[in-house]
Amino acid sequence: MTRWRSAANSLHLQAIHPASHGMTPPRSDDTIDLGRFLPYRLSVLTNLVSSTIAEAYQQRFALSIPEWRVLAVLARNPGLSATEVAELTRMDAVAVSRAVARLAATGRLRRTTSRQDRRRSVLSASAAGMAVYREVAPLALGYENELLAALSSGERAALDRALDSLTSRAQSLAGTQRTAAASPSRSTTARRRGSR
């Protein structure tokens, strides 16, 4: 854990002070203060938490972080497709596919054909997978409790509300961005019309 913190701090300093690594710093009006930039701070926190929890299961169960996430989702939501797992977790589809293949190869996941749609494969944790889940879950919950011990009950409630609001807002912005990317720009449309 100390080793990871040192690496994270080093990365943080490198990102904030690019000139110290032979890079030309951006103009002052383009500079992002990563120490206050929310996406970066959330990313660092997520990586730190995930890596710390992973120490409890990586060596013991030869389980990667993506594999644990997939297993944790399927333990609570059996019968999802790989695409649905990716959508639910916001993980990269390739990472999910690899995790699913690895879990299936180690006998921790079952892949079956949906009764409603024979073209669709659905996933569920096997007995072996559930056994791993039941051993890792208490460790993850214990770490969560230790992490949240830094906050009062009021701060925990405020954090829950803030995360819910930010997640909802991020989903809305992502949908708006996808819509904009899928729609031709006005100038492009105008040029097409003019060429007819």
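Points worth noting:
- Using Cβ point charges alone (K and R +1, D and E -1), the dipole size of the stretch 23-165 about the Cα centre works out to roughly 860 debye.
- Residues within the reach of a label modelled at residue 120 (point 7 angstrom out along Cα to beta-carbon, backbone nitrogen below 16 Å), restricted to the stretch 73-111, are 77-88, 111.
- Förster-model FRET efficiency, 41 Å R0, residue 44 and residue 127, C-beta, rounded to 0.05: 0.65
- Beyond 17 Å, the tail of the calculated P(r) for the stretch 63-151 holds 48 percent of the Cα pairs.
Every number in this text was worked out from the coordinates using simple rules, so none of it is lab data. What you are looking at is a predicted structure, and each value in this text was computed from that prediction instead of being measured. Ideal geometry is used to build each Cβ from the backbone, glycine not excepted, and the neighbour counts take in all protein chains shown.
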